[in-house]
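Please read the structure below before turning to the comments.
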Amino acid sequence: MGCEDRPKMAAAPHSIDWSRLINYLESHRSFVLTTHIRPDCDAIGSQLALAEILRNRGCQVACINAFTIPPPLQFLDTEKQLMRVDQPEASRCLEQAEILVILDTTAWAQLGDMGPVIRQFPRKKIVIDHHVSGDDLGAELFKNTEAEATGRIIAELAAQWGVALTPRLAMLLFAALATDTGWFRFNSVCAETFQLAADLARAGVRPDALYRQLYENERIGRFRLMGRAMSRVETDLDGRIIYSYIRSSNFSETGALPSDTEDIINTTLSVAGTQVAIMFIEHTPGQFKVSLRSRCHLDCCRLAGEFGGGGHKSAAGATMTGSLDSVKARVLDAVRRAMQE
């Protein structure tokens, strides 16, 4: 597909200075791209999509992260581009890189072992993200908090830069967009979301095949882990709050991986009458990832901020330490107060 045949992608409201961002990308030839730990399709899809755009323009690109890509998402990285920060090659790439790009997060806590690397990186750093909250990473921000996904921003970058949508680039962007909107069911979805999805489909994406790869290719360990979480479900405030937990020992007991917790919390919101869902996931003993989802006035981002976390208004999270009972008590008290405001 030539540039003259490239679909025109629908734009969402934004405050990104496209000329400034494109100038940075055009004036550098060697890049390192990174994203957050416990990655989802938006993180990996956006990272690989930007890498493809830059490589197609003749740039050297290394994708370096503080994680090994989860098995369910390995199909996105068919060329094995993603490397861990502790691999010898990563150090060489970081030394050569002229610019470091952080995608889909502005939080130190989400960067894992890439955090110290980012702090020490001596050259230009930029962030491309759509989350409301965040820390000062010592980088220039290119944020659109109204975007449904970071993949939306990368898609708009491609359009602004005159980059043709190849089938692979479209697939990576569709995966980012579809999953970060709960397959187009979250309240972040608007008319422009479907217009972008249509543009990507016209470029060669097969949504049915992508859906099967993502959601009909489950590991038995994830099913068993979901069973543990669902069996522990409790409610509060006459069913308006629903919550559950996963212990660190449950992963080895069920054969599940930490990445298998993805989207389990959204299943609890299918219970009639629920307005807020909370999931307490113990990745290491005494350390919990607390996930929050809201379909009412409750602002998850503000609430997560009380515990050092962040995210979006309807979906956010934080990392907390303590016993399960103490963490549950603190979060539930805060949620009850917020729902009564």
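The values are calculated or read from the model by the stated rules, or taken from the named source; none is laboratory data. Computed from a predicted structure; not experimentally measured. Positions of Cβ are generated from backbone atoms using ideal geometry, with glycine treated the same way; all protein chains shown enter the neighbour counts.
Some notes on this structure:
- Of everything listed in (1) modelled with pLDDT under 95; (2) surrounded by 21 or more Cβ atoms within 10 Å (Cβ to Cβ), the single unmet condition for Cys41 is (1).
- Criterion applied to Leu214, Leu165 was being touching a residue at least 40 places away in the same chain (Cβ under 8 Å) and part of a helix (DSSP H, G or I), and the one residue passing it is Leu214.
- Listed conditions (1) at pLDDT below 95; (2) surrounded by 19 or more Cβ atoms within 10 Å (Cβ to Cβ) are all met by Asn217, apart from (2).
- Elements of type strands (runs of 3 or more DSSP E) contained in the stretch 57-159, each with 2 or more residues being closer than 26 Å to Ser259 by Cα: 60-65, 82-84, 99-103, 124-129
- Screening Arg119, Arg152 for residues that are of a type in the set (Lys, Arg), touching a residue at least 12 places away in the same chain (Cβ under 8 Å) and either crowded, with 18+ Cβ neighbours inside 10 Å or in contact with a Pro (Cβ under 6 Å, 6 or more places away or on another chain) (or both) leaves exactly one candidate, Arg152.
- Odd one out for His28, checked against (1) part of a helix (DSSP H, G or I); (2) of a type outside the set (A, V, I, L, M); (3) within 23 Å of Lys143 (Cα to Cα): (1)
- Failed criterion for Arg247 (all others in (1) of a type outside the set (Asp, Glu); (2) surrounded by 15 or more Cβ atoms within 10 Å (Cβ to Cβ); (3) more than 23 Å from Pro70 (Cα to Cα) hold): (3)
- Flag if Glu262 is acidic (Asp, Glu) and either in the same structural domain as Ser133 (by TED's automatic domain parsing) or more than 19 Å from the chain's Cα centre (by Cα) (or both): no
- Residue within the stretch 190-213 that is crowded, with 17+ Cβ neighbours inside 10 Å and hydroxyl-bearing (Ser, Thr, Tyr) present: yes
- Whichever residue in the stretch 70-100 is surrounded by 20 or more Cβ atoms within 10 Å (Cβ to Cβ) and under 15 Å from the mean Cα position of the chain (by Cα) and, among such residues, is nearest to Leu50 (Cα to Cα): Leu76
Conditions (1) closer than 26 Å to Cys41 by Cβ; (2) among the aliphatic types (A, V, I, L, M); (3) in contact (Cβ under 8 Å) with a residue 60 or more places away in the chain, marked per residue:
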| site | (1), (2), (3) |
| --- | --- |
| Ser231 | no, no, no |
| Ile241 | no, yes, yes |
| Glu282 | yes, no, no |
| Lys289 | yes, no, yes |
| Leu292 | yes, yes, no |
| Cys300 | yes, no, no |
| Ala315 | yes, yes, yes |
| Lys328 | no, no, yes |
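- Given (1) in a helix (DSSP H, G or I); (2) of a type in the set (Lys, Arg); (3) within 19 Å of Ile265 (Cα to Cα), index of the condition Arg185 fails: (1)
- Met171 meets the conditions (1) closer than 21 Å to Leu25 by Cα; (2) more than 14 Å from the chain's Cα centre (by Cα); (3) touching a residue at least 12 places away in the same chain (Cβ under 8 Å) in every case but one. The failed one is (1).
- Check on Ala329, under 26 Å from Arg224 (Cβ atoms) and either at pLDDT 95 or above or in the same structural domain as His131 (by TED's automatic domain parsing) (or both): no
- Flag if Asp5 is at pLDDT 95 or above and either outside the structural domain of Ala170 (by TED's automatic domain parsing) or of a type in the set (Asp, Glu) (or both): no
- Single residue of the stretch 268-307 satisfying the filter (touching a strand residue (DSSP E or B) at 6+ places or on another chain (Cβ under 6 Å) and among the basic types (Lys, Arg)) that is surrounded by the most Cβ atoms within 10 Å (Cβ to Cβ): Arg293
- Residues of the stretch 320-331 that are within 16 Å of Ala277 (Cα to Cα) and surrounded by fewer than 18 Cβ atoms within 10 Å (Cβ to Cβ): Ala329, Arg330.
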